[in-house]
Amino acid sequence: MASVRAVLIDIDGVLTVSWEPLPGAVAALRQVREAGLGVALVTNTTSRTRASIASVLAGAGFPVQAQDILTAPAATASYLAEHCPGARCTLLNSGDIAEDLTDVTLVGGEAEEVDVVVLGGAGPEFGYPALNQAFGHLQRGARLVAMHRNLYWRTADGLQLDAGAFLAGLEQAARTEAEVTGKPSPAFFEAALARLGVGADQALMVGDDIESDVLAAQRAGLTGVLVRTGKYLPETHRSASGRPDHVIDSIADLPTLLGASAQQ
C-alpha cells in the first residue's frame, strides 16, 4: 500500500446514507486529498446525474466536483456508444439520468422496435407492466444491458430492494445474460483508473458491497478495503466468495490505514 497513488471510493453507504454524510466522512476525504492522492468516486447510483451528485456532496462539505465522479449511467452511455452505436434503447430506471446518457437513442418501452433493454436502478417504475414489456423485447431479440446487479442498498429506512433482484428474473425468463456496465464490471474499474492515470497496483477501492465493490476490484488488480457501514452485513461478509485485503469500521478510518501502511 505504500505505492498507493489513488483511491476509488463508493458513495452510497461509504460516504453517505440517503445523501447524509456518515460520521467522519467529510474529514476523511479531505485528508486523502491533502495527502496528494488522486480520488475517484465510483458509484452504481442511478437516481441522479453526475452534476447532481457533485452538487449534493459539495453542499454537504465534501471536496468534490462532477469530474471526480464516475457513475454507472455514464459508463453505460460509453458502453452503448462503443458496442451498440445507433441502437434504439428503452430504459427502465428510477430517476432522471438522461443528461448522462449522451448520444443514446432512447425510445419508450411500448415501442415496437427496440434493440437494447437498459436496466438501471429499481423503484416504483419496476411494476409488472414495465417488466413484462422488457421481457417481450428480450423475447424478440433485444440485448439486455444492466447498469449493475445490486440486490439491495441501504437508506435511512433500512435495506431497500434494487434492480439485481428483477434482473435475475428477466435473465431466467428470457434465457439471456445481461451485459453489466457498472460495478462489478472490470471495464468500470479500468475507466476509473484511466481517468486517474494510475495502474491497478497503485489504487485502492473502498466500498460497502463486498462482492461488487471490493472483491470485484481485487480481481481487477486493485487493493480492496471493505467498510462496516452502509449495506455491510456480517453474514454477507462470512459467506462472500473471497476475503477483502482490508476491513475497517468506516471511511473515517481510511487515513489511518493509509498512514500506517505508508510508514510500514
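Details
- Amide H partners (placed H, <5 Å) of Thr155, local residues excluded: Gln160
- Net +/- balance of residues flanking Val104 in space, Cβ distance below 13 Å, scoring K and R +1, D and E -1: -4
- Annotation: amide H of Asp209 within the under-5 Å range of Val214, sequence separation 5 or more or interchain, hydrogens built in the peptide plane.
- Considering only the stretch 151-264, percent of DSSP beta bridges that pair antiparallel, nearest 5: 35 percent
- For the chain, the per residue solvent-accessible surface stands at 44 Å², with DNA, RNA and ligands left out and a 1.4 Å probe.
- With the helix formula -39500 (n - 2.57) applied to DSSP H stretches of n ≥ 4, the chain reaches a computed 222 nm mean residue ellipticity of -9500 deg cm²/dmol.
- When only alpha carbons are used to place a centre, the stretch 155-195 and the stretch 48-76 end up 19 Å from one another.
- With every protein chain in place, the chain: carbon and sulfur % of accessible area (1.4 Å): 48 percent
- Most mobile of Val64, Val225, Val56 in a GNM of the chain (Cα contacts under 10 Å): Val56
- Mean sequence separation of contacting Cα pairs (under 8 Å, at least six apart), scaled by the length of the chain, corresponds to a relative contact order of 22 percent.
- GluC sites (Glu not before Pro) restricted to DSSP loop in the stretch 67-125 with at most 11 other C-beta within 10 Å: Glu110, Glu112, Glu113
The values are calculated or read from the model by the stated rules, or taken from the named source; none is laboratory data. The structure presented is a predicted model; accordingly, all values stated were derived computationally and were not measured. When we count neighbours, we look across all protein chains shown, and the Cβ atoms used for this are built from the backbone with ideal geometry, even at glycine. These area figures cover heavy atoms from the full protein model, side chains too; ligands, DNA and RNA do not enter into them. Shrake-Rupley method; radii C 1.70, N 1.55, O 1.52, S 1.80 Å.
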